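Trainee: Input: one structure, supplied below.
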Amino acid sequence: MHPTLFHLFGIRIDTYSVIWFIALSIAIIWVIKRLEIYELDEYESRRVMAVSFFFMLIGATLFKKIRMIPYMIENPSYLLNFFNWGISEFGAILGAFISALVMCLFSRKVSFMKLCDAAMPPAILSIAIGRWGCFFNGCCVGITSKFFTAVHFPFDKIGVTRHPVQIYYSLIAFVIVGFLLLVERKILPLQKKKYYSVIAPLGMLCYALMRFSVAPVRERRSLLYMIQHYERFTTYPAIAFALPFVLIWLIYSLYKLKSLSQE
């Protein structure tokens, strides 16, 4: 693992932050490139994206802090160390989603559904790239295992290997991106008559399946035990609560598109 990338004027530049910054930058550039595909007003869409990016950062850090409240109560000094705060990818998605929804309600030039569809593959791609930052940082580790994919982390004793869940997340996310782009190519011609969002709810469903499928092999007994423990009361309940609404959204859109194709 290489948690420290380099030092600049005595300041530690960590690999985690750099990789996530690159991931988010690529995602934003790709979303801008995709605005034309969904016939979205570029100026208004960029304005919505700028506000969403701000609240995405707030959501990413705030959600992480909510999970860390018990630890911070016992260790108040943690609040003073900004570089250890970390981020929550789910909090980032939630912050961007809610802020974009509010912004689009006040903008007649930007369709929230279209913007969500345009942003979903890039958002999943940012996770696919960003999770490598988690891997090099040695966080979000997996349980000990002798499975052929298991790797040794420096903080463990010699001979102890773990599931590299960060890489699992990354590989699954890359597959999801490819799947979404394939579906997008199939349904875009049908949406010329009337638009019904499919890519956004489908991407959310795939994201939920990814989180729940990898959860069983995430570490709960290491230094990060407390974070993972409280994630059961934040991230996963929130995803479980949203799933029925996402499924209804997806089924409704597919039903409407099927009806349009039969006309």
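The values are calculated or read from the model by the stated rules, or taken from the named source; none is laboratory data. Just so you know, these numbers come straight off a predicted model, no measurement behind them. Cβ sites come from the backbone with ideal geometry, for glycine too, and all protein chains shown count toward neighbours. Heads up: the accessible areas ignore ligands, DNA and RNA and are worked out on the full protein's heavy atoms, side chains in. Shrake-Rupley method; radii C 1.70, N 1.55, O 1.52, S 1.80 Å.
Trainee: I'm trying to understand the selection: among the residues of region 163-216, which are closer than 21 Å to Pro244 by Cβ and not in a helix (DSSP H, G or I)?
Mentor: Residues satisfying the conditions are Tyr196, Ser197, Val198.
Trainee: Considering only residues that are closer than 15 Å to Glu89 by Cα and among the hydroxyl-bearing types (Ser, Thr, Tyr), which ones fall in region 11-36?
Mentor: Result: Tyr16, Ser17, Ser25.
Trainee: Can you tell me which residue in region 150-168 is surrounded by the fewest Cβ atoms within 10 Å (Cβ to Cβ), limited to those that are more than 23 Å from the chain's Cα centre (by Cα) and hydrophobic (A, V, I, L, M, F, W, C)?
Mentor: Among them, the one singled out is Ile158.
Trainee: Kindly evaluate Leu181 against the criterion of being open to solvent by 30 Å² or more (accessible area, probe 1.4 Å) and touching a residue at least 24 places away in the same chain (Cβ under 8 Å).
Mentor: Yes; evaluated as a whole, the condition is true for this residue.
Trainee: Now, a different point. Which residue is most open to solvent (accessible area, probe 1.4 Å), if the candidates are limited to region 94-149 and must be touching a Phe, Trp or Tyr at 6+ places or on another chain (Cβ under 9 Å) and among the charged types (D, E, K, R)?
Mentor: The qualifying residue most open to solvent (accessible area, probe 1.4 Å) is Lys109.
Trainee: Something else about it: In region 184-201, which residues are open to solvent by less than 10 Å² (accessible area, probe 1.4 Å), touching a residue at least 60 places away in the same chain (Cβ under 8 Å) and not hydroxyl-bearing (Ser, Thr, Tyr)?
Mentor: Within region 184-201, Val198, Ile199, Ala200 meet the criteria.
Trainee: So which pairs qualify, if the first residue must be in region 109-128 and on the phi < 0 side of the Ramachandran plot and touching a residue at least 12 places away in the same chain (Cβ under 8 Å), the second must be of a type in the set (Asp, Glu) and open to solvent by less than 30 Å² (accessible area, probe 1.4 Å), the Cβ gap must be under 6 Å, and the two must be at least 6 apart or on different chains?
Mentor: So the pair list comes out as Lys109/Glu44; Val110/Glu44; Ile127/Glu89.
Trainee: Which residue out of Trp85, Trp30 is among the hydrophobic types (A, V, I, L, M, F, W, C), at pLDDT below 85 and open to solvent by 40 Å² or more (accessible area, probe 1.4 Å)?
Mentor: Trp85
Trainee: Quick check: anything in region 169-177 open to solvent by 70 Å² or more (accessible area, probe 1.4 Å), at pLDDT 90 or above and either in contact with a Gly (Cβ under 6 Å, 6 or more places away or on another chain) or aliphatic (A, V, I, L, M) (or both)?
Mentor: yes
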